[in-house]
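See below for the structure under consideration.
Each reported figure results from applying straightforward, stated rules to the coordinates on display, with no laboratory input. Since we're looking at a predicted model, the values are computed, not measured. Don't worry about glycine lacking a Cβ; one is built from the backbone with ideal geometry, like all the others, and counts go over all protein chains shown.
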C-alpha cells in the first residue's frame, strides 16, 4: 500500500506544468519596438499621401497646360463661369439655411418638435407652411384618437350610479353594511366617518 501512495505522489508531481518563463524587456527593447511601429505607420502614410500629392500635381500640371493653350478671352470666359458656379453654389447654400431657419420658426410657433425640420421643409415658404399644417392636423388627429381610446376603455364606476344609502350605518343590519361595503366602499366610508 505504501507503494501506491508513492506512485500517486510521483504522478501528481509529474503532472504539474512547468512554469512559463516570463520574458522581460528593457527600456531599450521597448523603445526599439515602438520606434519600429512608428516608422511603419509613417512609411505607410507617406506612401499613401505621396500618391495623392502626385495625383494633385499631375492634375494641376494638366490644368496649367490646358490654360496655357487658351487665349485671354477664353481664360476670362472660363474664370467668369467658374465664379458664376461658385456664386450659385453659395446662394443655394444660403437659401437652404434660410429655409431651415424659417421652418424652425414655423415649427416653434406651431408647438411642434424641431426634429422634423428636414422632413417638413419645402421648396418655398408656402410649401413649408402647407407641410406643417398637414403634419399638425395628423398629430392632432392622432392625439384625439388616443384620448378617445383611453376614455372609451374606462368603465364608469358602478358605485357612482347607485343611490346614496338613506339609513345611517348604525340603523343598517350587518348584511346591509357588508353589501354596502362591497358595492360602494366610498359611501360606506363616508357613513362610517359621519357616525
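For the range 21-173, go through all pairs of different Cα atoms, get the mean of 1/r, take its inverse, and jot down that Kirkwood value in Å. Spell out each step's value before the answer.
Working: mean 1/r = 0.0394 Å⁻¹.
It is 25.4 Å.
For residue 105 and residue 130, FRET efficiency with R0 = 22 Å and r from the beta-carbon atoms, rounded to 0.05? Each step should come with its number before you reach the end.
Numbers: r = 16 Å, r/R0 = 0.72.
After rounding, the FRET efficiency stands at 0.90.
Nearest 0.05, what FRET efficiency do residue 168 and residue 189 give at R0 = 25 Å with Cβ-Cβ as r?
On the way: r = 14 Å, r/R0 = 0.56.
The computed FRET efficiency comes out at 0.95.
Exposure proxy check: 128, 108 ranked by fewest other beta carbons within 10 Å?
Working: 128 20, 108 11.
Listing 128, 108 from fewest to most nearby Cβ atoms yields 108, 128.
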